[in-house]
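Engineer: A single structure is presented below for examination.
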Amino acid sequence: MEMNNFEKEATPLNLNIEDKHTLQSNGFKAPSSPKQPFFIGVAGGTASGKTTVCNMINTQLHDQRVVLITQDSFYHSLSDKMLQKVNEYNFDHPDAFDTKLLLSTLEKLKCGQPVTIPNYDFNSHKRIEAGRQVQPANIIVLEGILVLHDSGVRNLLNMKIFVDEDSDVRLTRRMQRLAIERGRNIENVLDQYSRFVKPSFEDFVLPTKKYADIIIPSGGDNDVAIDLIVQNIRMKLGQHDLCKIYPNIFVICSTFQIKGMHTLIRDVKTTKHDFVFYSDRLIRLVVEHGLGHLPFSEKQVITPTGSVYSGVIFCSRLCGVSVIRSGESMENALRACCKGIKIGKILIHGHGTNGRQLIYEKLPKDIASRHVLLLDPVLATGNSAVKAISLLLNKGVSESNIIFLNLVASPQGINAVCERFPMIKLVTSEIDASLNEKSHVIPGLGQFGDRYFATDD
């Protein structure tokens, strides 16, 4: 994989999702639409290894819902008159594709709408009935020789990949595919390549290389490049728009397991037993992720085989502080991860319209010298969190030594906390859409403490 030298803005493995909304400096306006898919465009010459790259990405992202769409499905149907001279038709020219239909299809998927992908028959060179029904997915991979040619399609892509391969290798693969596997005449394959494929590649395909964020040499044989791309995709999938404003927000990467557990704890019909069980599992993941942000030092140990293992040891001067009472639901997970850890408690109640009043606090006497894991499963307005963090700072805790852990956070709560305390680390499993008029997180999961401790109606 190499840097794209055509444009300074394109830096492989340091990609930014194109921001379709204005991020206001004075706060974040929560989007009303569902989370949009992550669009990946994979372009390159014929037989360069595009499909192999797409399949490898799909295989490694098995825990995400991935849909592959090929540009070939959007070929124009040829009229009977055109079919009489099909050997004169250039299937590698941009005009051979129904780009308008392709663009509208992608825009519907972006809006969370199901679409129908045309079923193109390469023998009759026509679209046939019963196109493929595709539902919105986490990741949409669009593959084709001219995926990066149209500016409208390019602007929808979050990641643009160009698969680069030697021309002789591509010709050999094309001959094998068409002449051997599909029974085409070798002379016709070579004639078509010299008259249409090669000139179109030089005129239309190769120039789109300058738009790529990532260029993969050696096509599907480049395992290292694919691994790095997948890592970057996973990072981007876990990134919320707020993460672009506040670098101290860490959202654990969503998987089908995490999404499934969130579905269960958010369901109003979920039993108390199941709510506690799956909440505990999610809390454990959040705690483990939070612990990963502690400072560490390198350490070598001798294994039972007599070998040397080079590892790390994390900071041992830490404690937990739960915001009573829902924060107490996170204590067991913290104790399970950190044997013998000290845990303090803070009780804060509403006072007036927006204020919060400290009712009770019991903290370790040496808390000023420790890293603190602040526990509260739901971050709503952020008023209680601000009060709790302010108390810790007054006790001498360094702001950079506070890691705030929760399951669900609202954009308003994140703004309130991160604007006031830019040095703390905030770890959550999902950022929800907004708050309602009662300051409840939406879609949220209700009154967490009541549901967890079975004190609701």
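Engineer: Which Cα, out of Ser200, Gly44, Leu435, lies furthest along the positive dipole direction of the chain (beta carbon charges, K/R +1, D/E -1)?
Structural biologist: Leu435
Engineer: Nearest 5 is fine: what % of DSSP beta bridges in the chain come out antiparallel, could you say?
Structural biologist: 35 percent
Engineer: How long are the semi-axes of the equivalent ellipsoid of the chain, taking √(5λ) for every eigenvalue λ of the Cα gyration tensor, in whole Å from largest down?
Structural biologist: Listed largest to smallest, the semi-axes of the chain are 52, 25, 19 Å.
Engineer: Where does the chain land at 222 nm, in deg cm²/dmol rounded to the nearest 500, when only DSSP H runs of n ≥ 4 count, each adding -39500 (n - 2.57), divided by all residues?
Structural biologist: Helix contribution divided over all residues of the chain: -8500 deg cm²/dmol.
Engineer: Enter the Cα centre distance for the pair region 413-457 and region 71-150, rounded to the nearest angstrom.
Structural biologist: Rounded to whole Å, the Cα centres lie 44 Å apart.
Engineer: To the nearest 20 debye, what charge dipole does region 38-237 have about its Cα centre, counting +1 at the Cβ of each Lys and Arg and -1 at the Cβ of each Asp and Glu?
Structural biologist: For region 38-237, the charge dipole is close to 460 debye.
Engineer: Quick one: of the DSSP bridges fully inside region 242-452, what percent are antiparallel, nearest 5?
Structural biologist: Around 40 percent antiparallel, to the nearest 5.
Engineer: For the chain, with the dipole built from +1 on Lys and Arg beta-carbon atoms and -1 on Asp and Glu ones, taken about the Cα centre, which of Val251, Leu157, Gln176 lies farthest toward the positive end?
Structural biologist: Positive-end residue among those listed: Val251.
Engineer: What angle do you read, to the nearest 10 degrees and between 0 and 90, between the alpha-carbon axis of helix 50-60 and the longest principal axis of the chain?
Structural biologist: 20 degrees
Engineer: Which trypsin sites (Lys or Arg not before Pro) in region 291-359 pass both tests, a DSSP loop state and at most 10 other beta-carbon atoms within 10 Å?
Structural biologist: Answer in residue order: Lys339.
Engineer: Quick one: net charge of Gly340's neighbours, Cβ under 14 Å, K/R +1, D/E -1?
Structural biologist: Here the count lands on +4.
Engineer: Of the options Thr455, Thr305, Ala333, report the single residue whose Cα projects farthest towards the positive end of the charge dipole of the chain (beta-carbon charges: Lys, Arg +1; Asp, Glu -1).
Structural biologist: Thr455
Engineer: If you don't mind, another one. Region 160-261: Rg/Rh from Cα coordinates, Kirkwood Rh?
Structural biologist: With Rg and the Kirkwood Rh in hand, the quotient comes to 1.18.
Engineer: Is the shape of region 38-237 best called rounded, prolate or oblate, per the rule: a/c under 1.5 gives rounded, else a/b larger than b/c gives prolate, else oblate, with a ≥ b ≥ c the square roots of the Cα gyration tensor eigenvalues?
Structural biologist: Here region 38-237 falls in the oblate category.
Engineer: In terms of Cα to Cα distance under 27 Å, which lysines are near enough to Lys387, apart from those fewer than 8 places away along the same chain?
Structural biologist: Of all the lysines, those that pass the test against Lys387 - Cα under 27 Å, at least 8 places apart if same chain - are Lys29, Lys244, Lys342, Lys345, Lys362, Lys365, Lys395, Lys425, Lys438.
Engineer: Charges only on Cβ, +1 for Lys and Arg, -1 for Asp and Glu: so what's the dipole of the chain about the Cα centre, in debye to the nearest 20?
Structural biologist: Computed charge dipole of the chain: roughly 1440 debye.
Engineer: Rounded, prolate or oblate for region 230-275? Axes are the square roots of the Cα gyration tensor eigenvalues, ordered a ≥ b ≥ c, and the cut-off for rounded is a/c under 1.5.
Structural biologist: prolate
All of the numbers you see were taken from the coordinates with simple rules; none came from a lab. Source: prediction; values computed, not measured. Note that each Cβ is placed from the backbone with ideal geometry, even for glycine, and that neighbours are counted across all protein chains shown.
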